[in-house]
Amino acid sequence: MIQLVAGPIDAAAVIRQVQSPAAGAVVTFDGVVRNHARGKAVTHLFYEAYDDMALKEMDAIRTRSLEQFPVIEVAIAHRVGRLEIGESSVLVAVSSAHRKDAFEACRFAIDTLKKTVPIWKREHYEDGEVWVEEYAGG
Amino acid sequence: MITVHLFASLREAAGRGTLELEAVEGLTVHGLLDQLCRQYPRLEPLRPSLRGAVNQSYADWGDSVSDGDEVAFFPPVSGGGP
């Protein structure tokens, strides 16, 4: 249900983990590497994780989501290493009986992940690279 | 011994990601960071924004650190993509 992966995220497999006969909705958030940031062209990204703690914090988000929202299952996969433009960096999937709960829990999960899970992003440009250490929202 | 992990810009500033430090009586997360900054002065400018963790859980600066603990210091997180 919770994983860090070095290769492409298998979205279908992540979604399968939350499927249930009791689910009327599956909501997913797919974070994708875009080709620009802060007015500069981005060539690729590099994600570094504190693996053990990242998995622990992602698992805590899953537990909190299941406690705070009437949802059936939550799965989160996050990429590490080098990512190219257009690739998925993170996938959150949530199932629930009714769509509202899955939407709300999915938003809670991705918003919390950005604040608590120890994973860092380095943006690479044509003329350099920088660690992104102040997430400005979006 | 205490195992210390540094990540992202801290790892690059120190030039290494993992090191071991001697455990001393009454050591806190704050005290450990003082020691690290003396050893690796390039960490000092990054200090105001960083966070600490003990045994893979977020720590307060006053938390104590003992022999066998795993401590990590890192900048604000930025995972999750856009």
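Among the listed residues B:Ala13, B:Ala53, B:Ala59, which satisfies the condition of being out of contact with any strand residue (DSSP E or B) (no Cβ under 6 Å at 6 or more places or on another chain) and within 14 Å of chain A (Cβ to nearest Cβ)?
Exactly one residue qualifies, and that residue is B:Ala13.
Is one or more of the residues making up the range A:122-131 in contact with a Pro (Cβ under 9 Å, 6 or more places away or on another chain) and under 20 Å from A:Asp30 (Cβ atoms)? First the steps, then the outcome.
Step one: filter the range A:122-131 for residues in contact with a Pro (Cβ under 9 Å, 6 or more places away or on another chain), giving A:131.
Now restrict to residues that are under 20 Å from A:Asp30 (Cβ atoms): none.
Looking through the range A:122-131, none of the residues is in contact with a Pro (Cβ under 9 Å, 6 or more places away or on another chain) and under 20 Å from A:Asp30 (Cβ atoms).
Determine, yes or no, whether A:Phe29 is closer than 16 Å to A:Phe103 by Cβ, hydrophobic (A, V, I, L, M, F, W, C), buried (at least 16 other Cβ atoms within 10 Å of the Cβ) and within 11 Å of chain B (Cβ to nearest Cβ).
Against the criterion (closer than 16 Å to A:Phe103 by Cβ, hydrophobic (A, V, I, L, M, F, W, C), buried (at least 16 other Cβ atoms within 10 Å of the Cβ) and within 11 Å of chain B (Cβ to nearest Cβ)), A:Phe29 qualifies.
Show the residue pairs meeting these rules: Cβ distance below 6 Å; 6+ apart or different chains; first residue within the range A:84-112 and among the hydroxyl-bearing types (Ser, Thr, Tyr); second residue surrounded by 16 or more Cβ atoms within 10 Å (Cβ to Cβ) and assigned to a helix (DSSP H, G or I).
Partner pairs satisfying both residue conditions: A:Ser95/A:Val18; A:Ser96/A:Ala102; A:Thr112/A:Ile61.
Being in contact with a Pro (Cβ under 7 Å, 6 or more places away or on another chain) and not hydrophobic (A, V, I, L, M, F, W, C) is the requirement here; does B:Ser57 meet it?
Here the answer is no, as B:Ser57 does not meet what is asked.
On the basis of being surrounded by 15 or more Cβ atoms within 10 Å (Cβ to Cβ) and farther than 19 Å from A:Glu133 by Cβ, does B:Val54 make the cut?
So B:Val54 passes the test.
Just checking, which of A:Ile9, A:Ile15, A:Ile61, A:Ile76 is farther than 22 Å from B:Leu6 by Cα and in a strand (DSSP E or B)?
Unique residue meeting the criteria: A:Ile76.
Looking for something within 30 Å of A:Arg38 (Cα to Cα), crowded, with 16+ Cβ neighbours inside 10 Å, touching an Asp or Glu at 6+ places or on another chain (Cβ under 8 Å) and not charged (D, E, K, R) - is there at least one such residue anywhere in the range B:66-76? Talk me through it step by step, then tell me what you get.
Filtering the range B:66-76 down to residues within 30 Å of A:Arg38 (Cα to Cα) leaves B:72-76.
Those still in the list that are crowded, with 16+ Cβ neighbours inside 10 Å too: B:72-76.
With touching an Asp or Glu at 6+ places or on another chain (Cβ under 8 Å) added as a condition, the list becomes B:75-76.
This time we only want the ones that are not charged (D, E, K, R), so: B:75-76.
Yes, there is a match, as at least one residue in the range B:66-76 is within 30 Å of A:Arg38 (Cα to Cα), crowded, with 16+ Cβ neighbours inside 10 Å, touching an Asp or Glu at 6+ places or on another chain (Cβ under 8 Å) and not charged (D, E, K, R).
Take the range A:77-127 and flag every residue that is among the charged types (D, E, K, R), surrounded by fewer than 16 Cβ atoms within 10 Å (Cβ to Cβ) and closer than 11 Å to A:Tyr47 by Cβ.
A:Arg82
Being touching a His at 6+ places or on another chain (Cβ under 9 Å), acidic (Asp, Glu) and more than 14 Å from every other protein chain (Cβ to nearest Cβ) is the filter here; which residues of the range B:62-82 pass it?
B:Asp63
Hey, among the residues in the range A:38-71 that are closer than 25 Å to A:Val27 by Cα and of a type in the set (Asp, Glu), which one's nearest to the other protein chains (Cβ to nearest Cβ)?
The residue in question is A:Glu57.
Bear in mind that the values in this text are calculations on the coordinates, not laboratory data. Bear in mind that the values here come from a model prediction, so they are computed numbers and not experimental data. Methodologically, a virtual Cβ is constructed for each residue, glycine included, from the backbone with ideal geometry; neighbour enumeration extends over all protein chains shown.
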